[in-house]
Amino acid sequence: MSISVASSINVRSTGRGLVPLCAGTGAYLFFLSASEILLRDSDSYWQIRVGQWILDHGAMPYTDVFSFTRFGEPWISSSWLAQVLFAIVYGHSGWAGPAILSSLAIGALVAIFIHLLSAHLDPVRAILIAALALLLSASHFLARPHVLALPVMVAFAGGLLRAADRPAHPSWLLLPLMTLWANLHGGFVLGLALIGPIGLEAVWSAERDHRLELAVRWGLFALAAVAASCLTPYGWNTLLGAAKILNLGQLLSLIWEWMPVDFSKPTFFEATLLGLIGIAFYRRLELSLPRILLLVGLIWMALTHVRNIENFAFLAPLVLAKPVAGQWGRAEATAFRDETPRSLPYATILAAIAIATAAWASTTIYVAQHAFVFSSNITPVAAVDLLEKRNAQRIFNTAPFGGYMISRDIKVFIDGRAELYGEKFVMDYFDATEARNLGDFLRLLDTYRIDATLLNVASPAAHALDQVSGWKRLYEDDVAVVHVRTDHAEVSAAPVAAAAD
């Protein structure tokens, strides 16, 4: 009987240990097979080009070198490490490289997330919650630096919450994660912001005699984390650069991923949020004040900017896991896990190797048979070929085309780096592409001595130029429209005003 029980315990332990790996591998293979989800944002182009520039020059950019409107002005790359990684894999495997790298990051995200949840929830519930988080976040899964930073974010926040659950001070081993996060993506400031409320939860839950000591330890960790976040090629400027985009004011409401959530029509996020509120009321979930503040903060972030929905999707379950498990009960007792040895059994190691080998073999076969192609609706290949033949030097382009133009070593009017161009410039650009005031649009073209335009086929500005003397529609396809000047003489203010009338 004792042998039978021991065998059962080992099987359960092996199964539990492999659940995160299996789920992560499944997520990786799914997103790799659906690579068109990842390869559809024009920023991927310039992110890779920045990484290539860093590799070619063996230095970090401190000024803009990719536009003619901001050339030479101060600019730093807060995602330099992710950009270099993308450039390396792109140079080796084409678009298959960024697709594989992004899919690996998503797989790691799922594995870490389920591993953290498994401390409080059974595997079935953990997998269901992970699937829900993936559905909420899928629209923002792109081959861009923030995806590489997501598993680091979850690991760092999970480490903080585990310390608060004991309660104890956070492990100093989290500091290298903060340094890695700061070099991968500017979103590391969220990690710094989480230390306060999670530390407050730890102090709140601690015995009265230990609260002061614990508060001091969390305070020291916060200072160390700030210092760790500055261990980048830019030092303290990393913090300033990461925060700069939040100061773009009205502009943030025009960039889709920074827009607030729109509840004018039903969305999956709306249903999830309302469902969470309903379940919490029905089951009478009780939370400490710090956890309430933390959860409300994550909800506020998600409602304020669409791109923060993924933070809510993966961090809110970690915040709620312990109270839910404690108040609603666990589906399975943890006695088996507590009685098993701490070292990994050979069966688990061999199974993990088998899973990794199968994933590698599947990747090799799939990549050999599948053509990874970037989304064509933001890749104006033929139009750019034509402009290069005409030797166009100063092209007014729509921002989604900027990334592709940068990849072709063409200086752009604008691209996705809104923090470089600033609020006023980008607002003027939006007004121009919408042709809200034709006179202002034409003045903008004259101010920057534009000799050609590269616009989206649906852009009102493209149709407006058809009616303006001195401009000619030279080319059009399903992606882009090209206009060129027919009169290269300086356009005076009087004709512009007349055109506006």
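Any read-out appearing in this document is the output of simple, stated calculations on the displayed coordinates, not a laboratory observation. What you see is a predicted model; the values in this text were computed from it and never measured. With ideal geometry, Cβ positions are generated from the backbone for all residues, glycine too; neighbour counts draw on all protein chains shown.
Just a few scattered comments:
- Span from the the stretch 146-162 Cα centroid across to the the stretch 393-467 one, whole angstrom: 37
- Binning all Cα-Cα separations of the stretch 375-480 at 5 Å, short to long from zero, yields these whole-percent fractions: 2, 12, 24, 27, 22, 10, 2.
- The stretch 130-201: C-alpha gyration tensor shape, a/c 1.5 cut-off, then a/b vs b/c: oblate
- If R0 is taken as 56 Å, the Cβ-Cβ distance between residue 474 and residue 231 corresponds to a FRET efficiency of 0.65.
- Computed per residue of the chain from DSSP H runs no shorter than four, each worth -39500 (n - 2.57), the mean residue ellipticity at 222 nm is -20000 deg cm²/dmol.
- For residue 44, net neighbour charge (Lys/Arg +1, Asp/Glu -1) across residues whose Cβ lies under 13 Å away: -1
- The chain: angle of helix 96-117 to the longest principal axis, Cα-based, in degrees nearest 10: 30
- Relative contact order %, the stretch 376-500, counting alpha carbon pairs below 8 Å whose residues are six or more apart: 26
- Share antiparallel - DSSP beta bridges, the stretch 376-500, percent rounded to 5: 75
- Dipole check for the chain: with +1 at the C-beta of Lys and Arg, -1 at the C-beta of Asp and Glu, and the Cα centre as origin, the magnitude is about 1320 Debye.
- When DSSP beta bridges are restricted to pairs lying wholly in the chain, around 75% turn out antiparallel.
- Under-30-angstrom lysine pairs by C-alpha in the chain, whenever the two are 8 or more apart or on separate chains: 7
- Gained length - residue 376 relative to residue 166, 0.36 nm times residue gap less alpha-carbon distance: 70.5 nm
- Positive-end extreme of charge dipole, the stretch 376-500 - chosen from 474, 399, 435 (charges on Cβ): 474
- Tensor-based shape of the stretch 179-309 (alpha-carbon gyration tensor, a/c under 1.5 rounded, otherwise prolate or oblate): oblate
- Net dipole in debye of the stretch 376-500 [+1 Lys, Arg Cβ; -1 Asp, Glu Cβ; about Cα centre; nearest 20]: 240
- Nearest-ten-degree value, helix 211-229 long axis tilted from longest Cα axis of the chain: 40
- Considering only 374, 101, 87, and ranking their Cα positions along the charge dipole of the chain that arises from unit charges at the beta-carbon of Lys, Arg, Asp and Glu, the one farthest toward the positive end is 101.
- If R0 equals 51 Å, the separation of the Cβ atoms of residue 364 and residue 300 corresponds to a calculated FRET efficiency of about 0.70.
- Among 91-103, 393-405, sorting by the average number of other beta carbon atoms lying within 10 angstrom of each residue, highest first, gives 393-405, 91-103.
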